[in-house]
């Protein structure tokens, strides 16, 4: 239990409160000037000690701003405890969206209304690139999550007494309808992509269901060719800053089987890569990556999507999906082919079967068509669909 004292100096009473500085972790004493009345000093000390003991100790009103605290949190906690990809993401959102809005506010004066206003502003028109429109519900909810985690740390370290985000309701994220290509769309896309430099990348993405970062971090040493079949050992992912990071969960670290056809495609891809390496000469940077630039360096994931994937989609005249949509297609094709949910889960690297079932499997349009065609034979008596029997 915290104990304070009253000290008189030159007819003025002071309340002296012992506390531990959460930043330096050193014991300190806070002198608070009360006035000339000893009774008033005693009353003030009693109230102060009551609050201090209720909160687990006295917390000195901080002169630290939100900006200073978030930078401290990034350095002292995030850098030591969070994966590099997440570190980069936290820092980007903090510097682009949080500090410009509330960074100047003293931490002790930060109110949940400030955070409510911040989230509302970002929803309405908070893009950092200056373009019209606000951020998505997902991005704004992410800002809330960062602040909630940061201020929870502040409370734990006794820098703050309460977490202001506890009184804030984050925006509800609307589930987007995921588009999955039909067999015809898949074939049209890959027919157009056949001569593209990244044809093998796109083929492997839909064949294995591997994540984009996992594919771009894939090394030749992680692929074993065994009597026609192949095994890909997934160990790393490529961060936005193009550095290799271990995959985030134990389930993500997995072995993925590939077919003889995919083995053959990879071998032909490697042959072309060797030709590029010879052409580049001494400028080639050998990271031993399966998918890399012509000089061997790691690829920029966003450039692959914007400069190659989306233009190919447009040329093939198929519905636009994200690169991650190839993973959805992979899971859906497997499910339509009566594959075990457990096998799909392991192949995709999900922690639970629920994730696989809830997120990555959607009714396959082709499978529905077969069911519909079977029903049509009965209800239309094998006559042409659309013409009711007389």
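Just so it is clear, none of the values below were taken in a lab; they were calculated from the coordinates. For clarity, every value in this text was computed on a predicted model and none was experimentally measured. Reconstructed Cβ throughout: ideal geometry from the backbone, glycine too, with neighbour counts over all protein chains shown.
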### Range of Cα positions in segment 86-127 per principal axis (Å), largest first
28, 24, 15
### Task
Give the distance, in whole Å, between the Cα centre of segment 227-260 and the Cα centre of segment 267-336.
15 Å
### Summary
Taking a crude spin-label model, label points 7 Å out from Cα along the C-beta direction, the residue 226 to residue 12 distance in nm is 8.0 nm
### Task
Return the Rg/Rh value of segment 209-263, two decimal places, where both radii are evaluated on C-alpha atoms and Rh is the Kirkwood radius.
1.00
## Note on the structure
FRET efficiency (residue 104, residue 177; Cβ distance; R0 41 Å; to 0.05) is 0.50
## Note on the structure
Pseudo-spin-label distance residue 95 to residue 278, built 7 Å along Cα→Cβ, given in nm, is 4.3 nm
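Could you rank the peptides 157-163, 248-254, 34-40 by their average count of other C-beta atoms within 10 Å per residue, with the highest value first? Walk me through the intermediate numbers first.
Working: 157-163: 17.7, 248-254: 14.7, 34-40: 11.9.
Packing proxy ranking, top to bottom: 157-163, 248-254, 34-40.
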### Query
Cα centroid distance between segment 153-203 and segment 90-148, in Å?
19 Å
